[in-house]
Amino acid sequence: MFKIDPTSNRINPLEVKRFNDLGFTERKHLQKWLENYPQALTRGDARNC
């Protein structure tokens with residue numbers, strides 16, 4: 001993933017982080033997120049599904 005800098009019209013790579021590095025777990029966090037927003041697993045623009 002990249003961060004867009006519109007001022008300089010450049011993209012900069014974001015630092016790679018794992019969920020675990022951020023204190024998130026699959027059972028406590030990821031499963032709940034996907035339960036509440038299953039469209040996150042679809043391809044393309046999930047808002048139009």
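Only the coordinates and a few stated rules stand behind these numbers; no lab work does. All of these numbers come straight from a predicted model, not from anything done at the bench. Glycine gets a Cβ as well: all are built from the backbone with ideal geometry, and neighbour counts include every protein chain shown.
What does the helix-only formula give at 222 nm for the chain: each DSSP H stretch with n ≥ 4 adding -39500 (n - 2.57), the total divided by the residues, and the result rounded to the nearest 500 deg cm²/dmol? Walk me through the intermediate numbers first.
Numbers: 1 runs with 6 residues, N = 49.
The helix contribution divided over the chain gives -3000 deg cm²/dmol.
For the listed peptides 2-8, 27-33, a ranking on the average number of other beta carbons within 10 Å per residue, highest first, reads 27-33, 2-8.
Matching the structure-derived mean projected area of the Cα convex hull in nm² against the labelled list [x] 5.7; [y] 5.1; [z] 4.5 gives the label [y]. Note on the chain: with a GNM built from Cα contacts shorter than 10 Å, the maximum mean-square fluctuation among 20, 12, 36 falls on 12. For the chain, the relative contact order is 17 percent, taking Cα pairs closer than 8 Å that sit 6 or more residues apart in sequence and dividing their mean separation by the residue count.
Comparing 35, 15, 26 in a Gaussian network model of the chain (Cα springs below 10 Å), the most mobile by mean-square fluctuation is 15.
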